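Shown next, in structure tokens, is the structure this report addresses.
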Amino acid sequence: MMHTSPSTQPLPQAGGEAAEFWLAASGGRLLLKCCEDCHEVHYFPRTLCPFCFSGNTVWFEASGRGTIYTLTLNRRTEPCQVIAYVRLEEGVTMMTNVVGENALQAAIGAAVTVDFIAGDNGQHVPMFRLASAEGKQAP
Ligand SMILES: [Zn+2]
């Protein structure tokens, strides 16, 4: 029997072209891919560059900082889930969730930083928290 999940995250895969992405996520690092031929950054990571189809793509660690491009609330979940497209500093857009106590204050243009949340299967998935000027101190 099939049922649809309210999750908007891509399903983690053990192998394949994004294996390194998920491995890094479990270690708290957000990896993106850049093409050495056309110098475009892309997400979700692929073996072949989606811009020029070069196989000359390399991993690099993203800053983890971005801004909310657009967002929507999924009220079918409890608590309701903030689904957002986050535009990273590196220029790519990720579909993700905004998490944290103040997630419902998320707004278009708000600054966010990445965090890694363990899913039911133990795989850490990159999600974002509102970057607030007050409170949390960066080490
Ligand atoms: Zn390319």
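Quick note: the coordinates plus some simple rules give every number you see, no bench work behind them. In this text the structure is predicted, and so the values were computed from the model without any measurement. Because the Cβ atoms are built from the backbone with ideal geometry, glycine has one as well, and the counts that use them run over all protein chains shown.
With a 10 Å radius around each residue's Cβ, average the other Cβ atoms per peptide and rank 16-24, 100-108, highest first.
In decreasing order of mean packing, 16-24, 100-108 become 16-24, 100-108.
Ranked highest first by the average count of other Cβ atoms within 10 Å around their residues, in what order do 109-122, 84-97 fall?
The most tightly packed comes first, giving 84-97, 109-122.
Of THR72, PHE44, PHE116, which is farthest along the charge dipole of region 19-130 in the positive direction, counting Lys and Arg as +1 and Asp and Glu as -1 at C-beta?
With unit charges placed on the Cβ atoms, the residue in question is THR72.
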